[in-house]
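Below is one structure; the comments refer to it alone.
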Amino acid sequence: PAVPTTVCFIIRQYLVHPGSAVVPSPNPPSGPWCPDGWVGYRGKCYYFSKAKENWNNSQSNCSALGASLAVIDSEQEMTFLLRYKGTVYHWVGLRREPSQSWKWFEVRGGGACAYLNDVGVSSSSCETEKNWICAKPDQYGKRKENSVEGMDKQ
């Protein structure tokens, strides 16, 4: 006879050891899960480089890590990045074409590539070497999405 799905779900929530009582399984991590050397904040993992590169090489380095230069989506994220990065300037994922204006945040400077300075976003020549910040979705969020998708498909 087929076992109801609900029963299977309940059974999977426990680790059963022969000759012992049923023990609840440990809870999965509740916060962000990021690789070693990365910092989690609000569903993203950030990597703050120790080395300096130009904007294009910084983006390539992020790509090699499965990420991209950090795109700042909110004031809270901006505040977090400014506090965490310290006094070192870091490239972020914002660039404009010469004939276009910046799309978000007030950007100071006359360059085509953006970086975080001590107080916000500024710009300079893309060839200038600076540290960089990579960002990618945290793995806990990905696992949660995948498990929900997997449940929908069953």
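Can you tell me how much longer the chain between ASN56 and MET78 gets when fully stretched, taken as 0.36 nm per residue apart minus their C-alpha distance, in nm with one decimal? Between ASN56 and MET78, full extension yields 5.8 nm more.
Exposure proxy ranking for ASP36, ASP118, ASP138, based on other Cβ atoms within 10 angstrom of each Cβ and starting from the fewest, stands as ASP36, ASP118, ASP138.
Which residues' amide hydrogens lie under 5 Å from the amide hydrogen of GLY40, considering only partners 5 or more residues apart or on another chain, with H built in the peptide plane? HN-HN under 5 Å from GLY40: TYR46.
Ranking of SER74, SER122, SER58 by neighbouring Cβ atoms within 10 Å, starting from the fewest: SER74, SER122, SER58.
We did not get these values from a lab; they are worked out from the coordinates using the rules stated. These numbers were taken from a predicted model, which means no experiment stands behind them. As a convention, Cβ positions derive from the backbone with ideal geometry for all residues, glycine included, and neighbour counts pool all protein chains shown.
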